[in-house]
Every structure is written in structure tokens, then in C-alpha cells.
Amino acid sequence: MSASLPISETFTSIQGEGKLTGVPSFFVRVSGCNLRCRWCDTPYASWNPEGDRVAADELVERARASGVGHAVLTGGEPMIFDEIAPLSAGLRAAGLHVTIETAGTVWREVGCDLMSLSPKLANSTPTDDPRDQDGVWAARHEERRIDLVALQRLLDADRDRQLKFVVTGPDDLGEVEGLLAQLRGWNPGDVILMPEGVTTPDPASVAWVVEACAARGWRYGNRLHIRLFGNRRGT
Ligand code: SF4
């Protein structure tokens, strides 16, 4: 492999979200995204992408040296980079379980063990955001945030998957259900509702999320890394 990718950070921590919550993992955060979520918790990989290009071979070596058995390719948006496929292949060849975390707007042929899809709801659009004075990103984001063809192709591959939705209020439930109704190949246990925010929520404020999950067989999405480390980089 000689490919390289823009990388904002790599680190070893525990997976804080989704089906593999608590699993020690080596994280590769690519820098760059085709969306601009209003509440993005990694603006240094989207709104203001930082970092240098790092060779895929070097990233595999860092993962191997970390000593953990899981790698997470996250961002930013990993799927906009051609080099993500050889990087994932290299990590798997080194014996690591690979999760790709993506908003699901881009399809490409890539091998992984868990495809973690996080389709962005209307609550993510940065309307009247001071970082987007002319509204260019709000329009672009709204146009790009859901691609049913890409989502379905990503779901069709023979591998584990999860569908994580960041929710801000009960009004989001209809949008989640409407989207799921247009997709095949998922089970209720693959669906995760994650309350928006970068602090541990007050239980009363998320009771509606618990109720919605219990009624549908979905999962409540915790953010264990926030609980353990707070909202800081490298965790
Ligand atoms: S898709 Fe992810 S990285 Fe990109 S702006 Fe949204 S939350 Fe941030």
C-alpha cells in the first residue's frame, strides 16, 4: 500500500457508541467531510478540517502497535476517500476487526466487519449558522444528507451493520420511521437512537427516547466516552 489520507488524529480508547460500546479500539479519524452538521462534535474534521496526510501503511502499523483488536475508521467522512478501501483491507489483513463510521451518503466497494451508518436527519442542517454566512453549506448539506441508493447499497453488503440516528426531540421519530420504511435489510436491533449533545443527558430529558426504543425494539444510544472522559479529543 502507498495510499495516504488526511488524518486529524489517531488514538486508542474504548468505543463509546453503538453495538461495540466498551470495546478497546484504535481510532483513525480522517479529516474532511461532504456534510456540515449543525451539531457536529468533530468540527476539526469537517467545518475546519485539520491534519496532515498519513500513509495507509503507517496507519496500519500504528493500529498494530496499539495492541487492540478493533479499528474504527471515522471522521469526518471516511467514505469520500478512495484510500479508505486499501486502508481497511490492510487493517483486516493485520487481523483487526474494522468498523467504518459513515453518514451513508457515499457508496464505494470497501470491506469491513461493521458498517456503522448514521444518516443525518433534518435537525442536522446548519440553517442560519454563523459559520455559513452565505447559506451555501446549508443548501449543500440539505441536498446531500440522505442518499437512499447509497444507503441501500451499503446495507446490502454481507456484514454486520447498525443505523445510528442523532435525535433532538420526539418530532424526529416520524422522520426516522419514514426513512427506515424505504430501506431493506435491517433489523430493529440494528437501529440506535442517540440523543444529541456533548454532555451526559439528564435522564428525564431522554425518557422519550427510552420509550420510543422500548416500543420498537430499537436501542438507546449511549455515549460512553463522553461519560468517561468528557467532550475532548483523543478519546
Ligand atoms: S457527517 Fe459527521 S463529521 Fe460530517 S459534519 Fe456531520 S457529524 Fe460532522
Task: Solvent-accessible area per residue for the chain (1.4 angstrom probe, square angstrom) - done: 44 Å²
Open item on the list: I'd like the chymotrypsin sites (Phe, Trp or Tyr not before Pro) in region 118-191 restricted to DSSP loop residues with at most 15 other Cβ atoms within 10 Å, sorted by number.
Closed with: 186
TODO: Return, ordered by residue number, the residues of region 1-43 whose backbone nitrogen is under 16 Å from a label point located 7 Å along Cα→Cβ of residue 216.
DONE: none
Open item on the list: Using a 7 Å offset from Cα along Cα-Cβ at residue 131, what residues in region 77-107 end up with backbone N under 20 Å from the label point?
Closed with: 77-81, 101-106
Open item on the list: Tell me the relative contact order for region 73-115 as a rounded percent, counting alpha carbon contacts under 8 Å between residues six or more apart.
Closed with: 47 percent
Open item on the list: Calculate the FRET efficiency for residue 109 and residue 65 from the Cβ-Cβ distance with a Förster distance of 45 Å, rounded to the nearest 0.05.
Closed with: 0.95
- [ ] Quote the convex hull volume per residue of the chain, based on C-alpha atoms, as a whole number of Å³.
- [x] 119 Å³
TODO: Quote the FRET efficiency, to the nearest 0.05, computed for residue 198 versus residue 140 with a Förster distance R0 of 25 Å and r equal to the Cβ-Cβ distance.
DONE: 0.55
- [ ] May I ask you to derive the relative contact order of the chain, considering only C-alpha pairs under 8 Å and at least 6 residues apart, and to give it as an integer percent?
- [x] 19 percent
TODO: Could you order 83, 50, 77 by accessible surface area, starting with the largest, using a probe radius of 1.4 Å?
DONE: 50, 83, 77
Task: Net lengthening on full extension, residue 48/residue 235 (0.36 nm per residue, minus Cα-Cα) - done: 65.4 nm
- [ ] Find, among the chymotrypsin sites (Phe, Trp or Tyr not before Pro) in region 28-125, those assigned to loop by DSSP (not H, G, I, E, B) with at most 16 other beta-carbon atoms within 10 angstrom.
- [x] 39, 47
Open item on the list: Counting only protein heavy atoms and a 1.4 Å probe, tell me what percentage of the chain's accessible area is made up of carbon and sulfur.
Closed with: 49 percent
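The values are calculated or read from the model by the stated rules, or taken from the named source; none is laboratory data. Here the structure is a predicted model, which means the values were calculated and not measured. Reconstructed Cβ throughout: ideal geometry from the backbone, glycine too, with neighbour counts over all protein chains shown. For accessibility, only protein heavy atoms count, side chains too; no ligands or nucleic acids. Shrake-Rupley method; radii C 1.70, N 1.55, O 1.52, S 1.80 Å.
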